[in-house]
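Notes for the one structure printed next.
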Amino acid sequence: MCQNLEADLIIKNTKIVFSSTIVKAGLAVKNGKIIAITTDENLPKADKIIDAKENLTLPGIIDVHVHFREPGFTRKEDFFTGSMAAVFGGVTTVVDMPNTNPPTLNIESFRLKIEKAKGKTYVNLGFFGGVCGENLDKIQELAKAGVLGYKIFMDKVLGKPLDDNSLIEAFKLIARTGLRVAVHAEDPKLVEQATLNLKKTGRKDFRVWVESRPSLAEAKAIEKLAFFSHKTGCKVHICHVSSKMGVEVLRKIKSQLSKIFLTSETCPHYLLLSFEEAEKVGLVSKIVPPIRFKEDKENLWYGLLDGTIDIIASDHSPHLPEDKAKDVWDAATGFVGVETSLPLMLTQVNLGRLTINHYVKISAENPAKAFGLYPKKGFIQVGSDADLTIVNLKKESTIKSENLHSKTRLTPFEGWKVKGLPTYTIVNGKIMMENGEITGKPEGNLILL
């Protein structure tokens, strides 16, 4: 039957990875959609044939936490360079954060971001709208304009912070849209007081940064957000969980509440680096929340593997070297990650830390489900978008900033050896990256719900 079809692209000699199984089968793609999954012998004729050479085909990787810096901070990154880095990292869809200049707080700034992104992205690109104490009246209009969800910083990153009453009101308004809100979960009062006390001591060692943002601040914020979510019906996503205490609170909440609207993510740097390793790297590894201790790292792994943590994301947040060349209090927070996330995690698959099926679940299926993209994305079936990542689990490399593709390339993983690399990144049926070379044009879709 399939041989009567005509395809734009077929992938043969591969195994397709699902969250629960691996199937030896070929794929056929037409007009950006998967039209057949069958044996190689039954695949239709196609204009383009990929021989995967026994490598694995995954649903396209979805990174729900990137800062591509446009508009306003394009000296650090922009949609073109950030999306290029993404396809080199096997990522097919990203969601961009709203803390740009201007911040994405209303329909005008949202439309500006859309205009800036048109014709400049190699990947599918969705956007978060920002929420602060000054724009609750803009929540509905942002939803109608097409944001994929919302982002709240509990401090003043986007403007006036939300007190408890305004946070509850924001959750009620967001619940009416049916969208999910991602939250940077750190109690601002605890962070502010710890920072004030530590600055008075005159300390500027690396450890003081970790102490200024205690695990309790994360745990307390998660607890509050979960309670407000439960009471309002607002779907909440906890960004970049970094601590043992945060994992424990999440696990307790999920076990106690029968109706829970909460998802969460962690990042490769929290899973793979401890304070001692970050300290050796220096301020390149400064990020919020901070990279903590071995006990935190191990418990994050427990949380990721037992389902307490749902998603792996990069928190790709590029900075220039001069932004980091300051003291511990003034140095910028963040580093690149969208290109290194998949190789770092596939290395853990090779080490037996998690299965390739579980990796697909946390990097494609769960992100798609959390943000309303499933099963169009995050899953391989007939009718789904042909967003696909083919990986060679045996291929080895060394992470070097000079070989990355972001505009700025600082990484705490400089010199790390990785095993497991993307060989093809396919976005909407178009081959964007093939064996370490860009082969497509910046024709990714803007995802407007």
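Nothing in this text is a laboratory measurement; each read-out follows from the coordinates by a stated rule. Owing to the predicted nature of the structure, the values given are computational and were not obtained by experimental measurement. Reconstructed Cβ throughout: ideal geometry from the backbone, glycine too, with neighbour counts over all protein chains shown.
Key figures for this structure:
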{"item": "Cross-link pairs LYS12/LYS376; LYS30/LYS394; LYS199/LYS280; LYS172/LYS235; LYS30/LYS120; LYS116/LYS156 - those with Cα-Cα distance over 19 Å", "result": "LYS12/LYS376; LYS30/LYS394; LYS199/LYS280; LYS30/LYS120; LYS116/LYS156"}
{"item": "Spin-label zone in the stretch 235-255 - amide nitrogen under 11 Å from a point set 7 Å from the Cα of ARG176 along the C-beta vector", "result": "none"}
{"item": "Where labels lie 7 Å past Cα in the beta-carbon direction, separation of ASP330 and ASN4 in nm", "result": "7.3 nm"}
{"item": "Calculated FRET efficiency for the pair GLU402/PHE293, C-beta based, R₀ 30 Å, to 0.05", "result": "0.45"}
{"item": "Two-site FRET efficiency, ARG75 against ASN165, from Cβ-Cβ distance with R₀ of 41 Å, rounded to 0.05", "result": "0.60"}
{"item": "Length gained when the stretch LYS231-GLN381 is fully extended (0.36 nm per residue, less Cα-Cα span)", "result": "50.4 nm"}
{"item": "Straight-distance crosslink candidates among aspartates and glutamates, where the alpha carbon sits under 16 Å from LYS400 and sequence neighbours closer than 8 are dropped", "result": "GLU339, GLU414"}
{"item": "Whichever lysines have a C-alpha closer than 21 Å to that of LYS244, once near sequence neighbours (fewer than 8 apart) are set aside", "result": "LYS189, LYS220, LYS224, LYS252, LYS254, LYS286, LYS294, LYS297"}
{"item": "Ascending count of other beta-carbon atoms within 10 Å, so fewest first, for ILE11, ILE260", "result": "ILE260, ILE11"}
{"item": "Potential extension, LYS156-LYS280 segment - 0.36 nm per residue separation minus Cα distance", "result": "41.6 nm"}
{"item": "Residue with peak Gaussian network fluctuation, the chain [Cα springs, cutoff 10 Å], from LEU190, LEU257, LEU173", "result": "LEU257"}
{"item": "The stretch 242-299 and the stretch 129-161: distance between their alpha carbon centers, rounded to Å", "result": "25 Å"}
{"item": "Linear extension gain, ASP137 paired with LEU351, 0.36 nm per residue minus alpha-carbon span", "result": "72.1 nm"}
{"item": "In nm, spacing of pseudo-spin labels at THR39 and SER255 (7 Å Cα→C-beta vector)", "result": "4.8 nm"}
{"item": "Gap separating the Cα centres of the stretch 60-75 and the stretch 1-56, nearest whole Å", "result": "31 Å"}
{"item": "Environment charge at LYS156 (Cβ cut-off 13 Å; Lys +1, Arg +1, Asp -1, Glu -1)", "result": "-3"}
